[in-house]
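Scroll down for the structure; my scribbles are underneath it.
The values are calculated or read from the model by the stated rules, or taken from the named source; none is laboratory data. This one's a predicted model, so the numbers in the text were calculated from it and none came from an experiment. Virtual Cβ from ideal backbone geometry, glycine too; neighbours counted across all protein chains shown. Each accessible area value is taken on the protein alone, full model and side chains, heavy atoms only, with ligands, DNA and RNA left out. Shrake-Rupley method; radii C 1.70, N 1.55, O 1.52, S 1.80 Å.
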Amino acid sequence: MSAETKAPVKKAGKGKYELSDELKAYQGVWVFVEHERGEVHPVSWELLGEGRKLAAQLGVPLSGVVLGAPGLATRRFCEEAFFHGADNCYLIEDAALGNYRNQPFTKGLTDLVNTYKPEILLLGATTQGRDLAGSVATTLKTGLTADCTELNIDMENRSLAASRPTFGGSLLCTILTLNYRPQMATVRPRVMSMPQRDNSRTGSIVQHPLGLIETDIVTKVLEYIPDNRQDKPQLAFADIIVSGGRGMKNPENFQLIWDLALLLGAEVGASRPVVQAGWVDLERQVGQSGKTVRPKLYIAAGISGAIQHRVGMEGSDVIIAINNDPNAPIFDFATYGIVGNAMTILPALTQAFKQQFAVAKMAS
Amino acid sequence: MHIVVCIKQVPDSAQIRVHPVTNTIMRQGVPAIVNPYDLFSLEEALRLKDIHGGRVTVITMGPPQAEAALRKCISFGADEAILVTDRAFAGADTLATSYALATAIAQIAKDQAVDMVFCGKQTIDGDTAQVGPGIAKRMDMQLLTYVSQVDSLDITSRTVQVQRRAEGGVQVLTTRLPCLVTMLEGTNEMRFATMDNMFRAARYQLKVWDRVAAGIEDVSKIGLKGSPTVVSKVFAPQAKTQRAEIIDSESGEPRDLALTLISKLFTQHPAMSEAVVKQSA
Ligand SMILES: Cc1cc2nc3c(=O)[nH]c(=O)nc-3n(C[C@H](O)[C@H](O)[C@H](O)COP(=O)(O)OP(=O)(O)OC[C@H]3O[C@@H](n4cnc5c(N)ncnc54)[C@H](O)[C@@H]3O)c2cc1C
Ligand SMILES: Cc1cc2nc3c(=O)[nH]c(=O)nc-3n(C[C@H](O)[C@H](O)[C@H](O)COP(=O)(O)OP(=O)(O)OC[C@H]3O[C@@H](n4cnc5c(N)ncnc54)[C@H](O)[C@@H]3O)c2cc1C
C-alpha cells in the first residue's frame, strides 16, 4: 500500500495544501540508523540531531529505525539512538539482515512505514542510504529529495522543506513533497552537526517481524573485504585539515601543504583544480563534488573560496585562509586571514607550530 | 545476452563557469555530453557483450537533441539506440523518470528479453543517484549499486558475481539475472570509437519513441503530474557576514604573522590548543 493519492487539494485563496485524512495519519520523524560491521555510521546521529529540531517544530516524536541480525548489537544501536535524541526505536531483528542487502532492507523499511506511518523519513546519503532510499521511495511511490544541505518545516503546509544545491552549487532549491507521505530525504555525512550525546536518555523499542526468509532473498553476500583504513584518506572525520588550491601553482609547492599537515597530524585536502591537475587523489577533494568536512581547524592556502568549495568546508569550527589577494571571497567567511604569499607563509607557519609544540612539551 | 544501458545527456560541468561577481552559472555555449558516469556502465556492458555475445541497447529519455548522446554511444559500439521523447515527460522527478524508463525498457523486452540493465552511478546535473534504484524496483530486478567490478557472469545458470563498494569495505555479491547494475567511476576506461562504428553512428537510424510508443498509458504517472516532489523556490545561499580577522604584525614578516596567528588561535579557542597538540603528538 502506498500514500499515492489524487492531485493536491488546494485551498481557495491561499497557497496552502490540505492533506487527506489518510495522509494526516502519517506522523512523526524517523531516522534510518545505518550500520555496517557492527558500527553505526555517524551520519545517522547527525540526522537524529537534525530530526530532533524538525520533530520539535512539528510537536511529534523522533524515532530511530534499526534493522539488523538478532543480538546485542542492535539493542546497543537503539540505546545509542536514544542517547542521540530518539524518543523510541522501531526494530526489526532477523538473521537475513546480518549484512546490508537491498531486498530485505527495502522490505523491512517499507513494511515499517506502511504500518507505523511516519511523516518524514531521513537517511544518510551513503552507498547504503542511497541504495535503500531510492528503492523504498519507489515502492512507496513517494518523493525523495537527494543530498539536502538544509532541512526545515514549512509550517503553513506542515511539510518538509528540503533544500539542496542546484545550478552547479551557486544556488539552492527548496523541494517539497506536498501530497505524498512520508516525505523522504537524504543528507550527506558531515553536512549536519553532531548532536550532544546524553547518556541519561532512554526510550522504548517497538519490534516488528521481517516476514521474509533467506530462501526468498535472491542476492547473497559471499564475502566482505574491509578497507585498509591506513591507505585511505579520512577527510570526513579529520580534526584538522590543511588544504591547498590552484594558488599553490605547482605540485612542488604543494609539498608545503603536506609538510604542515604532517606536523599537525592533519589530513591534506584540495580544491577541485588541484585534483583535476592530478596533484592529489580525488578522495581529497573538498566541496560540492567532493567531500563535506567539519574539522576543528581548516587551513586553506591558495584557495579562492568559490561557493562549490565553501559548501564542503564552511562547517569547520575555525578556518584559516592564506591568500595573496585581499579581496578573495574566502576572507568573507574565514575566521582568520593572512594576506600574503602562501609559499612563504606556509613554511613560517610550520616553523611556528613546531616552536609552539616544543614549548608545550617542555612545559608538561 | 541482451543488455540495456540507460544514459542521460547533460551539460559538460567541466566547462561550466561560475560568474565571478553574480555567482550564477554561465551556461551559454556549454556543450552537451553523455553523463560521464554512464560511460563506465556502457563500457562494462560492451565488455560483457565481447565475452558473452549478444546485444547492447542504449536508451535515453530527453529532448530531441539527446539524439547526439545516443549516436556517441553507437560510435563506442552499442548496437541499438532508442530516444524516448515527449512533451508529456517534462518536469519529471526521479519517481516519474524511473516509471517512464522502466515502462520503455519493458517495451524493449517485448522484442528480446532483457538480461541486465546498466545505469550510471548518478548524473552530474540532477545528481540524485535515484533513477537506477527506481527502475530496478519497478522492474522487480535485483539491484547492484556502486559496483567496482563484475567478477563473473554465467549465462547458463543466469548468475552474476560482483564487487560492490560499501562504506567501510567491499561486498562480494552474487545474484540472479535479470539485474540492474550501476558502475562506480574509474572502474574501466571507455574504448576508442572505431572508424566502422563512427560511420555506423553517423548513418544509424535511431528509434524515436513518444509516450505511446514507449507503452505508457497512464499520463498521471509521468512528467510533472507523476512527480511527488515540487520545487518551491530557488535562492542564493545565505551569505555569512562575518569577515575574517586579518592577521597583522608590525614587521609584516611571515614569521611574525605566523606567531601572531597561532597565539590568537590558541587564546581565542582554548580547546584548539589541546586538539592541535594532541593531534601532532
Ligand atoms: C558543478 C561544479 C562543481 C564543483 N565542485 C567543486 C568542488 O567540489 N570543490 C572545489 O574546490 N571546487 C569545485 N568546483 C570549482 C569551483 O567553482 C572553483 O573553480 C574552484 O573551487 C577554484 O579552486 P581554487 O580556489 O583552488 O582556484 P582559484 O579560484 O583559481 O583560486 C586560486 C586562489 O589562489 C590565490 N593565489 C594565487 N597565488 C597565490 C599565492 N602565491 N599565495 C597565496 N594565494 C595565492 C588567488 O588569489 C586565488 O584566490 C566546482 C565547479 C562546478 C561548476
Ligand atoms: C537541481 C535539480 C535538483 C533535483 N532534485 C531532485 C530531487 O531531489 N529528487 C527528485 O526526485 N528529483 C530531483 N530532480 C529531478 C531529476 O533530476 C530528474 O528526475 C532527472 O530526470 C533524473 O534524475 P537525475 O538526473 O538525478 O538522475 P540520477 O538518478 O542521478 O541518474 C542515475 C542514472 O540513471 C539513468 N538516467 C537518469 N536520467 C535518465 C534519463 N533521462 N534517461 C535515461 N537514463 C537516465 C542514467 O544511467 C544515470 O546515470 C532535480 C532536478 C534538478 C535540475
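List of remarks:
- Condition check for A:R246: more than 26 Å from A:L109 (Cβ to Cβ), at pLDDT 95 or above and open to solvent by 60 Å² or more (accessible area, probe 1.4 Å): yes
- Filtering B:G186, B:G120 for residues that are assigned by TED's automatic domain parsing to the domain that holds B:G77, at negative phi, touching a residue at least 60 places away in the same chain (Cβ under 8 Å) and not hydroxyl-bearing (S, T, Y) leaves a single hit, B:G120.
- Count of residues meeting criterion [of a type in the set (A, V, I, L, M, F, W, C) and either surrounded by 23 or more Cβ atoms within 10 Å (Cβ to Cβ) or within 6 Å of ligand 2 (Cβ to nearest atom) (or both)] in segment B:103-139: 10
- Of all residues making up segment A:289-298, the number that are within 16 Å of ligand 2 (Cβ to nearest atom) and open to solvent by less than 50 Å² (accessible area, probe 1.4 Å): 0
- Enumeration of residues in segment B:116-138 that are farther than 13 Å from B:Q9 by Cα and of a type in the set (V, I, T): B:V117, B:T128, B:V131, B:I135
- Residue within segment B:168-177 that is modelled with pLDDT under 95, more than 16 Å from ligand 2 (Cβ to nearest atom) and touching a strand residue (DSSP E or B) at 6+ places or on another chain (Cβ under 8 Å) present: yes
- Filter pass, A:V221 being within 28 Å of A:N88 (Cβ to Cβ) and surrounded by 12 or more Cβ atoms within 10 Å (Cβ to Cβ): no
- The lone exception for A:G211 - which of (1) assigned to a loop (DSSP other than H, G, I, E, B); (2) more than 28 Å from B:C179 (Cβ to Cβ) it fails: (2)
- The listed residue being more than 10 Å from ligand 1 (Cβ to nearest atom), of a type in the set (K, R) and within 26 Å of A:T344 (Cβ to Cβ), out of A:R272, A:R246, A:R284: A:R284
- Checklist (1) away from ligand 1 (no atom under 16 Å from the Cβ); (2) without any contact (Cβ under 8 Å) to a residue 40 or more places away in the chain; (3) open to solvent by 30 Å² or more (accessible area, probe 1.4 Å) applied to A:L171, failing item: (1)
- Out of A:R190, A:R181, sole residue that is buried (at least 20 other Cβ atoms within 10 Å of the Cβ), at pLDDT below 95 and more than 8 Å from chain B (Cβ to nearest Cβ): A:R190
- As a summary of the residue check, B:V234 satisfies the conditions (1) closer than 24 Å to B:M139 by Cα; (2) outside the structural domain of B:T94 (by TED's automatic domain parsing); (3) surrounded by fewer than 16 Cβ atoms within 10 Å (Cβ to Cβ) except for the one numbered (1).
- Here A:R284 fulfils each of the conditions (1) open to solvent by 10 Å² or more (accessible area, probe 1.4 Å); (2) in contact with a strand residue (DSSP E or B) (Cβ under 8 Å, 6 or more places away or on another chain); (3) under 25 Å from B:H269 (Cα atoms) apart from (3).
- Total residues in segment B:130-165, condition assigned to a loop (DSSP other than H, G, I, E, B) and without any contact (Cβ under 8 Å) to a residue 12 or more places away in the chain: 3
- Checking each residue in segment A:207-265 for being more than 10 Å from chain B (Cβ to nearest Cβ), farther than 23 Å from A:P295 by Cα and out of contact with any Leu (no Cβ under 8 Å at 6 or more places or on another chain) picks out A:P209, A:G211, A:L212, A:I213, A:E214, A:T215, A:D216, A:K249, A:N250, A:P251, A:E252, A:N253.
- Tabulated pairs, segment A:199-216, first under 17 Å from A:Y90 (Cα atoms) and in the same structural domain as A:K107 (by TED's automatic domain parsing), second in a loop (DSSP other than H, G, I, E, B) and not charged (D, E, K, R), C-beta under 6 angstrom, 6+ apart or interchain: A:G203/A:A86
- Verdict on A:P61 being at negative phi, at pLDDT below 95 and open to solvent by 10 Å² or more (accessible area, probe 1.4 Å): no
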